[in-house]
Amino acid sequence: MALSRTPLTAPTPMIGIAGWSNAGKTTLIEKLIKHFTGLGLRVATIKHTHHKFDIDKPDSDTTRHRQAGAAETAIVSGSRVAVIEEIETRGEPSLDDIAKRLKPADIIFVEGYKSAAIAKIEVRRAAVAAEKLLATGDPLVIAIAADYELDGHGKPVFSLDDIAGIASLIEETCGPFETLRQRA
């Protein structure tokens, strides 16, 4: 079931984890990250939100730099680096642009971006089962991961806890990671 590469130009395979709020996207991504990093792969993630967010604490030095007008602010320590860029006048960058900024990885998990032109796994929880099933209208949804039984409309349905099964489908979709594991 290897999908052809998406029209995005990022060199790293991307798999979307899509669904409605409180469906369990972040929890599934956490489990997939642990699975793939446990195999020696380098995993990166991109998270989309519709809300304005701030990673700075109020009155922090970097917040003060941004409030003073800095277009970009970087904060660096011996164990972490973050770059905050003001983009309100330019608009939201594309998924492709964000993926190109990341350091090389073996796979990128993308949370959100329901309409992105990438292969996606739809996440469903019974608590939000009334929301529209994305898989019925999006041919790039390759599977559904759910905590209840549902009709997958011809697409495989996995239990949210079947990380090995979901990971196997991801590897089948992206191509084997074996050569990457040897490099690691």
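Listed values, structure above:
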| item | result |
| --- | --- |
| Those residues of the stretch 99-140 which are part of a loop (DSSP other than H, G, I, E, B) and among the basic types (K, R), in sequence order | K103, K114, R125, K132 |
| Output for the stretch 156-169, where each listed residue is buried (at least 16 other Cβ atoms within 10 Å of the Cβ), under 13 Å from E122 (Cβ atoms) and not β-branched (V, I, T) | F158, L160, L169 |
| The listed residue being surrounded by 15 or more Cβ atoms within 10 Å (Cβ to Cβ), in contact (Cβ under 8 Å) with a residue 24 or more places away in the chain and touching a Ser or Thr at 6+ places or on another chain (Cβ under 9 Å), out of I121, I107, I98 | I107 |
| Cβ-Cβ under 9 Å pairs, at least 6 apart or on other chains, the stretch 12-31 side under 15 Å from L133 (Cβ atoms) and touching a residue at least 40 places away in the same chain (Cβ under 8 Å), far side in a helix (DSSP H, G or I) and of a type in the set (D, E, K, R) | A18/K25; G19/K25 |
| Count - residues of the stretch 44-79 that are at pLDDT 85 or above, under 29 Å from L32 (Cα atoms) and either part of a loop (DSSP other than H, G, I, E, B) or among the basic types (K, R) (or both) | 3 |
| Pairs with Cβ under 7 Å, 6+ apart, first in the stretch 167-184 and modelled with pLDDT under 60, second part of a loop (DSSP other than H, G, I, E, B) and polar (S, T, N, Q) | none |
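The values are calculated or read from the model by the stated rules, or taken from the named source; none is laboratory data. Predicted model only: the values in this text are computed from it and were never measured. Methodologically, a virtual Cβ is constructed for each residue, glycine included, from the backbone with ideal geometry; neighbour enumeration extends over all protein chains shown.
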